[in-house]
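The values are calculated or read from the model by the stated rules, or taken from the named source; none is laboratory data. Just so it is clear, the model here is predicted, and its values are computed rather than measured. All Cβ positions, glycine included, derive from the backbone under ideal geometry; neighbour counts span all protein chains shown. Heavy atoms of the whole protein, side chains included, go into the accessibility calculation; ligands, DNA and RNA do not. Shrake-Rupley method; radii C 1.70, N 1.55, O 1.52, S 1.80 Å.
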Amino acid sequence: MKRFPLRELLHVAAMSGMVLAAVRCGGEAPPNVLDGDVHFTDQSALLTTNRDALRLCVREAPSLSAHGSRVTERLGASLKAVGGHPDWAAARFGAKTPTVEAGCPGPELALERLEPKESIVGVGRTTKPGRFRAVIHVLDEETADRVLGERKAERAASEFLRVDDHMLVEVTTALVVRESYLDDPEFTSRWLTQVVGLQPMAAGFQRASEDGALPGVLGDVVEKPVTDVSVMGVKKPSFEVK
C-alpha cells in the first residue's frame, strides 16, 4: 500500500482564522456513513462522513431563470473542467460523477451586503451538514451590485461542524457570483476550485510554483466556544471565552 508523506499546509490568514489543512493521500477510503452521526473527516476533501460524492447546488436570481441563462448547465461544464486540476485525484472525491443540482436547501438567495471573511451565507453551526460540498448563489447585475459591490465573486462559510468542545470547522462553503462572470476561465480556476477544497490555480490549472505541496482543504476553523447565533448574512459567531 503506497502512502505519500503527509504535509500540513497551515496558511493562517490574519484576522480570519482561515487555514489550509492537508488531505491525507493513499490508502483505502473510509466507508461512507449515510445515516447516524456525522463527523468531520480529513480523508477526503468532501470533509464529512455523510458525503459519498462531490455535489454542488445552485440558487439563482429569478430574473436569470426567466431569461433562460442555463446557469446549472454552465456550472456543470465548469465543474467538469475543475477535474483537470492536478490535485483532483488526491482530493479523493470518490468514484461517483460530480454533479451540480438546481435548487438548494436552507436560506434563500443572498441579498444582503456580503462582507469578506465575516459573513455567513447558510445555517452556520450544525450537527447535520448537508450533502452539498458547496452552495452557489448566482446573481443578476443589479443584485450583485448590492451584495458584492464591485467584486465579481466572493466565498463565505455556509456550515460549521463541531470537531470538539473548542473547535468548529467549516465543511460547506458558499460562493456568491455574478452570472456575467460564470464563463470567465478565472472563475473556474480560482473560485470554483476553492469552494470544492482545492488550491486556486492560474487559468488552465498551471501551478504558480512546483513545490510538491498536497492539496488543501479550504475552510475556517473557530477555536473557542462559540454562540449558537449563525444565520445567513450575519457575521461569524462571537467568541465566548471561558
- Query: Measuring from label point to label point, each 7 Å out along Cα→Cβ, what is the Arg131 to Gln43 span in nm?
  - Reply: 1.9
- Item | From phi via Karplus (6.51, -1.76, 1.60), per-residue ³J(HN,Hα) for the range 98-114 in Hz, x at Gly/Pro | x, 10, 10, 10, 6, x, 10, x, x, x, 6, 3, 5, 10, 9, 4, 9
- In whole percent, the Cα-Cα distances of the range 82-150 spread across 5 Å bins from 0 upward as 3, 12, 18, 18, 17, 18, 11, 3
- Note on the structure: Regression test value, accessible area per residue of the range 33-178, probe 1.4 Å, units Å², expected 44
- Message: Just to verify a number: FRET efficiency for Ala102 and Ala81, C-beta to C-beta distance, R0 = 25 Å, to 0.05?
- Response: 0.85
- So Met167 and Leu64, fully extended at 0.36 nm per residue minus their Cα-Cα distance, gain in nm 33.2 nm
- Item | Heavy-atom accessible surface of the range 160-203: percent carbon and sulfur, 1.4 Å | 49
